Amino acid sequence: MGKNIVEKILAGHLVCGTLAPGEEIGLRIDQTLTQDATGTMAYLQFEAMNVPRVRTELSVSYIDHNTIQIGFENADDHRYLMSVAQKFGIVLSRAGNGICHQVHLERFGQPGKTLIGSDSHTPTCGALGMIAIGAGGLDVAQAMAGEPFYLACPSVVKILLEGRLRPWVSAKDIILKVLEIFSTKGNVGTVFEYGGQGAATLSVPERATITNMGAECGVTTSVFPSDEMTRRFLRLQDREAHFVPLSADADAAYARVVTIDLSRIEPLAAKPHSPDNIAAVRSLTGIPVQQVCLGSCTNSSYKDLVTVARILKGRIAHSDVSFILAPGSRQVLDNLARDGYLADLIASGARLMENACGFCIGNSQSPSSGAVSLRTSNRNFLGRSGTLDADIYLVSPETAAAAVITGRFTDPRDLEMDYPDVPAPERLVIDDRLILRPEDTGRTVEIYRGPNIGQPPVNTPLPDTLAGPVTIKVGDKITTDHIIPAGARMKYRSNIPKYAEFVFENVDAAFARRALANKEAGRHNIIVAGLSYGQGSSREHAAICPMYLGVRAVLAKSLERIHAANLINFGILPLTFVDEKDYDALDAGDELEIAGLRTAVAESDILTVANRTKGASFALRLSLSARQKEMILAGGALNVRRQE
């Protein structure tokens, strides 16, 4: 039996375990990336490991999320990141150089390598034939220390792309179609591997849009073959030496094969408030639009922005539309400017933002009250934009451009013009001067620590009896944005006591105060949730901050992979209902108790919970490896390392 692409790369990096779906495996990691919203905590954790230098082939620290510097906090963190990079041998991409996923794709990604990053959209680099996986900051810190990255061996789904895209349909519409088929839940422990003649027609930037948003399906990662398109991209980046061919064997096996005919796809949109709430753009025709945001790590390549520039050339943004432009990297911006396309975009009314995450994470350009905002980014969760009552739609650059012109939802095929087919450029101007490589002089580097930077908090060992209230009960699809907000609150990411004040802020503003009071009274806090709890961003603060508030267990119908791993890393029990009807029987405020907990965790996969309020009991499943049980019993990964 031949091997698929995923099996080939995993087999070449396997440190321990067996490549059988569901079995825990440990992988050697070649590259890591962090960004400043998650990186500060990751490097504080790395420091706590007392390792003198990173032990990967390459580790890159990006400053791209918290570039709005109102107050001292973000600027202080950036100084910390710069000093840490020099001390420990980490490459640093300075603020202004671009978004981590776009820059890593351009300058560092390599076919056949492994990459983990403290950002859920790290799978973007799967467009180059990498196994690129989003993870919590602590997992990244451990990989930088030379330790394996552990995960459940995934099953592989083949997505066979046939045909060719028609004019006005783009890669964004492909991934929206994938989301329509697979949805955002039920795909944990899966990798999407793309192939077929249709895949061969897609450029690496187009593939990157697809692998980036595969994260919204909840898959471990997505990967394309490394082929002639890959070679062309690397040649354009002056990195052809990094090219290696990589494809699946003809007789490779897959858990499932899904075929998509590219010629049958039409312009699509994700409606509020989930990336899998898919509709044809034509069905939305006429909805007034107040804002259009073009860019983010999903659709901000040179091709994407040149396409929009050519559509808008000689036109002006509709008077009702605020038109926002955020290129994905300094390289993209530089080449747009040199080729004249930036001038065309600005002439059309575009408001030029930084080469940063900005509007995507609600860190700038929040829409007006009740507004409709069309965005080429990857998430449209409720409140993520910074405006709770705004309606955010995810669309292609072509559909975004049509709305800029008309001021309303418009199928771009209805524009009275020919489609501006944009070929790949024959050359790019490349300038890496904002990428700082660490000195290898052995000199002493003093790490800068501002007053907002604390120590990484640690949990206490698991108690033998867990007893406390259901402090909050939530429904399905609770994202990490629901748990701990992004946007303006993220400047406190290095100050856990402060950041913890905002846990569940947009769901139940009193949660943090209630949980802290329970903790101070010696009671444990318990969260009850529905399906796909913890989807979205990889930010481990969605586990660290609840841990700080005394949360010891999450009871859910299902949990997403990265968040479940983060809960374990910080000593919080990730439990799922054996019978989902027991979820319905629980209410906020119910007093729960699990006795003999340490023995039960060590010896069983089923725990019995007593509901003292209602005089009933029910069963929960604890699906952990022996290694993860050790972490839970110790109160988290940092405690295990200290014991070792």
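Taken together, the values in this text are just the output of simple stated rules run on the coordinates, not laboratory data. What you see is a predicted model, and the numbers here were worked out from it, not measured in a lab. All Cβ positions, even for glycine, are placed from backbone atoms using ideal geometry, and neighbour counts span all protein chains on display.
When each of the peptides 30-38, 278-286 is scored by the mean number of other C-beta atoms lying within 10 Å of its residues, the order from highest to lowest reads 30-38, 278-286. Sparse packing (at most 15 other Cβ atoms within 10 Å of the Cβ) combined with a DSSP loop state is found for the following GluC sites (Glu not before Pro) in the stretch 359-450: GLU416, GLU426, GLU439, GLU446. In a solvent-free Debye calculation with one equal scatterer on each Cα, what is log10 I(q)/I(0) for the stretch 466-643 at q = 0.19 Å⁻¹, listed in the order of the q values? Normalising to I(0) and taking log10 leaves -1.36. Charges were assigned to the Cβ only: +1 to each Lys and Arg, -1 to each Asp and Glu. The resulting dipole of the stretch 427-492 about its Cα centre is roughly 240 debye. Taking 16 Å as the straight-line reach from the Cα of LYS271, the aspartates and glutamates in range (excluding those fewer than 8 positions away in the same chain) are ASP173, GLU180, GLU216, ASP389, ASP391, ASP411.
Counting other Cβ atoms within 10 Å of each Cβ, which trypsin sites (Lys or Arg not before Pro) in the stretch 424-469 have at most 10 and sit in a DSSP loop?
ARG427, ARG433, ARG443
Relative to the longest principal axis of the chain, what angle (0 to 90°, nearest 10) does the C-alpha long axis of helix 302-312 take? Orientation of helix 302-312: about 50 degrees from the principal axis. Within the same chain, aspartates and glutamates fewer than 8 places from LYS113 are excluded, and of the rest, those with a Cα less than 18 Å from its Cα are GLU7, ASP30, GLU57, ASP139, GLU147, GLU193, ASP227, GLU228, GLU240. Placing R0 at 22 angstrom, the Cβ-Cβ distance between GLU446 and ASN50 gives a FRET efficiency of 0.80 after rounding to 0.05. The convex hull defined by the C-alpha atoms of the chain has an orientation-averaged projected area of 26.8 nm².
Can you tell me how the stretch 71-168 classifies by the Cα gyration tensor, rounded, prolate or oblate, using a/c under 1.5 as the rounded cut? The shape class here is oblate.
Descending by average beta-carbon neighbour count within 10 Å, the peptides 608-614, 512-518 line up as 512-518, 608-614, the highest first.
Based on the Cβ-Cβ distance of ALA424 and ARG642, what FRET efficiency does E = 1/(1 + (r/R0)^6) give at R0 = 60 Å, to the nearest 0.05? Show your work: numbers first, answer last.
Values: r = 51 Å, r/R0 = 0.85.
According to the calculation, E is roughly 0.75.
First measure r as the distance between the Cβ atoms of ASP432 and VAL257, then evaluate 1/(1 + (r/R0)^6) with R0 = 51 Å and state the FRET efficiency to the nearest 0.05. Given R0 = 51 Å and the Cβ-Cβ separation, E is 0.80. Highest mean first, the peptides 299-305, 256-262 sorted by other C-beta atoms within 10 Å per residue fall in the order 299-305, 256-262. When the charge dipole of the stretch 188-330 is built from unit charges on Cβ atoms (+1 for Lys and Arg, -1 for Asp and Glu) and taken about the Cα centre, the candidate among SER319, GLN291, GLY218 whose Cα reaches farthest toward its positive end is SER319. To the nearest Å, what is the center-to-center distance of the stretch 161-208 and the stretch 458-480, using C-alpha atoms only? Taking the Cα centre of each part, the stretch 161-208 and the stretch 458-480 sit 37 Å apart. Length gained on full extension, ARG612 to ILE287, computed as 0.36 nm times the residue gap minus the Cα-Cα distance: 111.9 nm. As an equivalent ellipsoid, the stretch 5-264 spans semi-axes of 31, 21, 17 angstrom, where each value is the square root of five times an eigenvalue of the C-alpha gyration tensor, largest first. Approximating the spin labels as points 7 Å out from Cα along Cα→Cβ, the GLN455-to-ARG627 distance works out to 2.7 nm. Here the stretch 113-140 is scanned for amide nitrogen atoms under 20 Å from the site 7 Å beyond the Cα of GLU240 along Cα-to-Cβ, giving 128-129. DSSP finds beta bridges in the stretch 170-327, and of those with both partners inside it, around 35 percent are antiparallel.
Contour minus end-to-end for THR201 and SER247, with contour as 0.36 nm per residue of separation and end-to-end as the Cα-Cα distance?
On the way: separation 46, 0.36 × 46 = 16.56 nm, distance 1.52 nm.
Gain on stretching THR201 to SER247: 15.0 nm.
Based on the inverse mean of 1/r over its pairs of different Cα atoms, what is the Kirkwood hydrodynamic radius of the stretch 268-413, in Å? Write out the running numbers ahead of the final one.
Values: mean 1/r = 0.0682 Å⁻¹.
Every distinct Cα pair counted, the radius reaches 14.7 Å.
Relative to the longest principal axis of the Cα atoms of the chain, helix 511-520 runs at roughly 30 degrees. By the rule of a C-alpha distance below 29 Å, with chain neighbours fewer than 8 residues away ignored, the lysines paired with LYS498 are LYS87, LYS473, LYS477, LYS519.
With the convex hull of its Cα atoms as the shape, the stretch 26-65 has an orientation-averaged projected area of 3.2 nm².
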